[in-house]
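In what follows, a single structure is set out as structure tokens and then discussed.
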Amino acid sequence: MGLTRKQIVMLAVLLFGTFVTVLNQTVVSPALPSIMGEMGVDAATAQWLTTGFTLMNAIMIPVTAFLTDRFTTRRLFLAAMIVFTVGTALAGWGPNFTVLLAGRLVQAAGAGILMPLVMTVLMWTFPVDRRGTAMGVFGLVIAFAPAVGPTVAGIVIDQASWHDMFFIITALCVAVVLVAFFVLEKGGETNRDAVLDVPSVALSTVGFGALLYGLSAIGSYGLSIDAVAGALVGVVALVFFFRRQLSMEHPMLQVRVLANRKFLMATVIVMLVQGALLAGGILVPILLQSYMGYSATTSGLVLLPGAIIMGAMGPIAGRLFDKHGPRVLAIIGMGVLTLTTFAFAFVGTGTGLVMLTVIYTVRLFSLSLVNMPISTWGMNALPNDLVNHGTSVQNTFRQVAGSLGTAIIVSASTMVTNASAPAMGAEAAGVFGINMAFVVAGALCLAGFVLVLIFVRNKPGDAAQTDADGARRTLLESIMQKDAYTLPDTATVAEAMQFLVDRRISAAPLVNAEGKAVGFVSDGDIMRYLSRRGQMIMDPVVMIVQTVDAYADNSDFAQKLHKLMSMRAADIGAKGLIAVDVHADLPEVCRILGENHLKKAPVLDDGKLVGIINRSDVTRWSMEKYLDDRKGEGAVPPAPEGGEAR
């Protein structure tokens with residue numbers, strides 16, 4: 001990877017710590033049937049081990065922003081890992097359900113801090129030219145851990161017990177803490193003026209927690225005073241929480257972003273999908289182990305292919321989004337997700353393992369076509385300065401929806417099971433309850449599908465244009481300059497200088513053998529390398545004069561210039577370039593040009609350079625479009641006196 005030994009050790013510690021915490025989020029599902037049998041609780045109660053965990057994660061997301069400002073990353077990483085370790089040990093001991101649930105909540109408090117924190121640690125640990133390697137490995141860990149979690153947990157549970165599963169994770173956590181204490185360096189500055197809004201934390205905790213309890217209790221045991229009171233307290237607390245966020249200059253959670261209709265719709269769709277998703281991860285292992293008689297290992301293996309495919313589809317879905325936009329992907333994804341979710345309403349004890357595995361795998365595959373594209377579509381609708389707030393809001397609501405959706409769906413299963421047991425028998429009633437729970441989950445997916453059909457209409461680029469040759473192209477392709485000067489990434493500085501002079505340009509992208517842009521070199525890069533004592537030469541004429549004089553009276557400069565000419569242009573140029581995607585719409589193009597103070601920018605299609613877009617191209621098209629529209633409306637402005645309309 002090109003990293004030093006110390007960096008490799010540090011990366012290994014951080015990634016292993018993240019792997020353990022992410023793994024922990026999926027190991028509980030195969031253990032639920034064993035926990036239910038040992039502790040005598042039903043599915044509606046057992047699901048709190050998952051919903052409580054995700055709810056605590058949701059509460060910790062906005063709090064983490066304050067913690068990362070207030071404490072150094074090293075101290076916060078160690079503290080979060082220690083909290084997670086204590087929670088895991090408590091869950092492993094778990095003599096009763098209350099202690100087990102408390103351990104899961106403590107785990108969630110630590111895990112909720114670690115995920116965003118590790119990314120921050122990687123940023124300050126590795127130099128810019130090595131961050132890509134670190135983040136790439138980090139992404140693989142995030143995708144791999146949830147995939148292997150259920151299978152690993154199933155094997156441990158079958159060979160030992162669910163207690164031992166938590167104890168093994170505890171031992172791994174202790175090892176991470178000990179190594180991290182000696183390996184991690186103190187890094188990052190702290191802001192001692194950062195203040196945590198305690199009332200906001202209290203209101204969000206009480207609001208989401210009480211609402212979750214009330215809905216879960218009502219679904220499982222019917223209307224009761226404590227269940228209704230819990231739901232009402234939750235609603236009132238959330239009303240005050242939202243009012244407080246709207247009245248604060250610097251709120252804990254910037255809920256104002258929900259005023260953007262596209263972002264609001266994206267968030268609602270993501271919430272519906274998340275609620276239906278997590279419930280499936282709980283109900284399928286219960287169906288396989290409690291009613292079909294399969295082992296926890298088999299249960300984990302059924303879940304494995306879908307998790308692997310969903311992780312692998314992340315970057316693929318991203319590229320499809322860039323080319324085709326969110327609408328097509330979301331319609332296909334939500335349609336298939338809805339059908340496969342309803343398909344689980346017809347499975348039973350006679351359904352084969354292969355069929356169950358296929359349905360579950362296709363379900364998670366379809367989910368990958370929805371989550372990232374819809375989230376990105378919503379984020380793209382926000383101004384650039386609100387994207388960070390949008391991420392925090394969407395992640396928080398995603399976790400809350402996972403908790404509430406799971407509670408409602410699993411409670412529906414329990415309620416149907418209890419109601420039909422006297423007439424159908426315990427086993428048949430249990431399977432029927434799971435079938436009806438998937439009907440509820442399917443209804444959520446169907447609601448999301450309708451929202452996609454109605455609201456998700458825009459593409460990454462404006463409507464395609466038909467050029468003179470009859471080809472369909474995006475708007476950006478139609479107005480950009482298609483002749484782009486490029487240099488091979490193997491070119492020397494001398495060759496680059498000759499190229500810039502011959503074509504009378506000041507800079508050019510560097511492309512590799514596959515035609516993909518990998519860097520950028522300009523006359524400014526050459527000037528900076530030759531500048532004396534940090535003084536930058538801004539005028540090419542000055543450089544020429546100094547070059548001529550150098551051979552007469554400045555041997556150091558001459559040697560430096562001679563060395564420079566034989567270097568690769570890629571070594572002195574930028575390791576990347578500011579560019580726009582060929583499918584970007586014009587507001588996005590204007591944002592990139594404006595924020596980076598550029599007159600022009602390269603246009604890329606899947607990393608390959610396909611043209612150059614100039615400010616003047618956008619301006620000319622905009623004026624022509626405006627005048628054409630006005631002419632069509634019969635409102636063409638008159639020509640100035642003494643002149644003609646142009």
**Request:** Please order Val439, Val284 by the number of other Cβ within 10 Å, starting at the fewest.
**Result:** Val439, Val284
**Asked** Whole-Hz Karplus ³J(HN,Hα) for the range 19-26, in order, using 6.51 cos²θ - 1.76 cosθ + 1.60 and θ = phi - 60°, x for Gly and Pro?
**Response** 4, 5, 5, 5, 4, 4, 6, 10
**Prompt:** Amide H to amide H, which residues 5 or more places from Leu609 or on other chains are under 5 Å from it, using H placed in the peptide plane?
**Reply:** Ala517
**Item:** From phi via Karplus (6.51, -1.76, 1.60), per-residue ³J(HN,Hα) for the range 245-251 in Hz, x at Gly/Pro
**Value:** 5, 6, 8, 8, 6, 10, x
**Message:** Can you sort Phe66, Phe53 from fewest to most other Cβ atoms within 10 Å of each residue's own Cβ?
**Reply:** Phe66, Phe53
**Neighbour-count ranking [beta-carbon atoms within 10 angstrom, fewest first] of Ile269, Ile225, Ile59** = Ile225, Ile59, Ile269
**Prompt:** Roughly how many whole Å is it from the C-alpha centroid of the range 231-293 to that of the range 16-76?
**Reply:** 16
**Message:** Can you work out the Karplus-derived ³J(HN,Hα) for every residue in the range 406-414? Use 6.51 cos²θ - 1.76 cosθ + 1.60 with θ = phi - 60°, whole Hz, and x for glycine or proline.
**Reply:** 5, 4, 5, 5, 5, 5, 4, 4, 5
**Asked** Among 503-509, 161-167, how do they line up from the highest to the lowest mean number of other beta-carbon atoms within 10 Å?
**Response** 161-167, 503-509
**Fill in**
Using alpha-carbon positions, the gyration tensor of the range 340-416 gives root eigenvalues a ≥ b ≥ c; with a/c under 1.5 called rounded, otherwise prolate if a/b exceeds b/c, else oblate, the class is oblate
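Values quoted throughout were computed directly from the atomic coordinates according to the rules given, and no laboratory measurement underlies them. Only a predicted model underlies this, so the values are computations on that prediction, with no experimental measurement involved. Using ideal geometry, Cβ is built from the backbone for each residue, glycine included, and neighbour counts are taken over all protein chains shown.
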